[in-house]
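Notes follow the structure.
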Amino acid sequence: MQSLSTPSPIKSLIRPRHRVTRASPNKLVLQCIYRSDSVSFPNGVGSNRADWQSSCAILASKVVAQQQPIDKSISGGDSGGVADHVAAVNGHKTSVDLNLVPIEKATSNSNNSSIKPHQPQKPLTITDLCPAPTHGSQLRVAYQGVPGAYSEAAAGKAYPNCEAIPCDQFEVAFQAVELWIADRAVLPVENSLGGSIHRNYDLLLRHRLHIVGEVQLPVHHCLLALPGVRKEYVNRVISHPQALAQCELTLTKLGLQVVREAVDDTAGAAEYIAANNLRDTAAIASARAAELYGLQVLADGIQDDSSNVTRFVMLAREPIIPRTDRPFRTSIVFAHDKGTSVLFKVLSAFAFRNISLTKIESRPHRNRPIRLVDDANVGTAKHFEYMFYVDFEASMAEVRAQNALAEVQEFTSFLRVLGSYPMDMTPWCPSRGDDDDDGGNEKNPF
């Protein structure tokens with residue numbers, strides 16, 4: 001039982017603004033330069049799950065077809081010619097014009113011979129659709145950030161030997177999985193010091209992906225600068241806001257009287273310094289970021305608290321089958337038309353069955369943020385409406401969990417199971433300088 005609410009049909013795809021180029025035949029980087037507008041297809045594509053999956057596969061097939069030599073009469077403007085290459089997808093024949101933006105092949109510049117051999121590729125856009133890998137191919141995992149980000153380390157721990165696909169925004173990682181660009185997404189949901197990543201909780205509700213696992217990583221920060229730069233020459237430190245806050249005391253102890261500036265992510269800060277040759281600026285990032293962007297480590301392990309851990313969740317298009325032979329965690333979200341008074345009843349359903357709750361998070365109800373209650377004696381009262389996210393330690397294969405949710409459904413107007421998945425039971429120890437792969441993440445997966 002993965003969802004107790006009726007799923008709504010998918011009615012929109014992504015409408016790109018710009019054309020894109022492929023920087024490398026094997027590497028993808030996703031960047032959000034689109035808008036999510038509602039698109040209505042004449043033949044009813046998107047009215048059910050099979051049609052939607054067929055549409056995504058057709059888009060992917062068009063990309064492959066556009067990269068192959070085709071007849072000039074087809075490429076001259078007859079968009080239906082490329083669609084003829086796809087006779088049937090998932091058993092569905094179709095000739096719908098999905099208005100795919102043409103993809104131009106990247107041209108090589110013979111004069112540009114000074115490109116660094118290890119320089120990461122520039123981000124592509126989400127419209128650079130690729131076919132989903134066939135059975136036995138390398139798993140593709142989307143994460144937010146640039147190479148060297150802590151989320152990349154989390155993706156590598158969750159899925160060893162995977163192909164990590166960097167995305168410039170959280171939502172792009174969700175959409176990469178929905179559009180079959182990636183097979184999984186690994187995104188942070190909470191940090192032991194920074195708290196919950198609210199943006200991802202909102203996206204979990206907005207999208208129809210399922211949580212299929214979790215991974216926890218300790219945070220290990222380093223102070224990075226260009227080779228040859230000494231600490232006393234640094235007058236500015238840039239990083240993600242959470243990283244700056246988590247290293248505040250250590251920076252003071254190092255005697256650095258520097259200006260702190262916030263950027264989008266830690267690895268992006270390291271990339272920015274290397275790209276602009278900033279010799280008066282240092283970045284707080286991982287040791288892997290220093291290796292990727294050619295920086296030196298001025299100070300290692302500069303986080304103020306070694307007990308700093310970030311929890312990531314793994315997302316997939318389909319749920320996994322819950323089991324009872326190992327510890328499981330289940331995540332749900334619910335709401336009620338009559339406000340927060342139902343929360344006590346919901347918690348009682350779990351307490352009565354001896355089910356431990358590991359997290360309770362409230363987020364504003366976007367569709368109805370305020371509820372008005374009229375009282376003839378005191379006037380009109382305004383109450384804020386919330387959605388509640390709850391994690392509890394039980395598998396949906398257990399009868400007690402099923403009975404608890406059956407009771408919760410009686411008290412709520414909306415209930416959805418986000419996922420029932422194995423808990424991360426790996427031994428934990430504080431972050432150490434010799435464990436670069438165990439870099440964690442703060443309030444964003446920088």
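The values are calculated or read from the model by the stated rules, or taken from the named source; none is laboratory data. Treat the numbers as computed from the prediction; the structure is a model and nothing was measured. When we count neighbours, we look across all protein chains shown, and the Cβ atoms used for this are built from the backbone with ideal geometry, even at glycine. Quick note on the areas: whole protein, heavy atoms, side chains included, nothing else; ligands and nucleic acids left out. Shrake-Rupley method; radii C 1.70, N 1.55, O 1.52, S 1.80 Å.
Key figures
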| quantity | calculated |
| --- | --- |
| Distance from segment 407-428 to segment 252-309 (C-alpha centre basis), Å | 37 |
| Cα→Cβ-extended label distance, 7 Å offset, between residue 300 and residue 205, nm | 4.4 |
| Extension gain, residue 318 back to residue 425 (0.36 nm per residue minus Cα-Cα distance, nm) | 36.2 nm |
| Dimensions (Å) - segment 221-305, Cα atoms, principal axes, largest first | 28, 24, 20 |
| Projected label distance in nm at residue 230 and residue 354, using a 7 Å step from Cα toward the beta-carbon | 6.5 |
| Counting all C-alpha pairs of segment 277-367, share separated by more than 23 Å (%) | 59 |
| R0 of 45 Å, Cβ-Cβ distance residue 414-residue 257: FRET efficiency to nearest 0.05 | 0.30 |
| Sequence of 324, 281, 250, 358 when ordered by accessible area, the most exposed leading, probe 1.4 angstrom | 324, 358, 250, 281 |
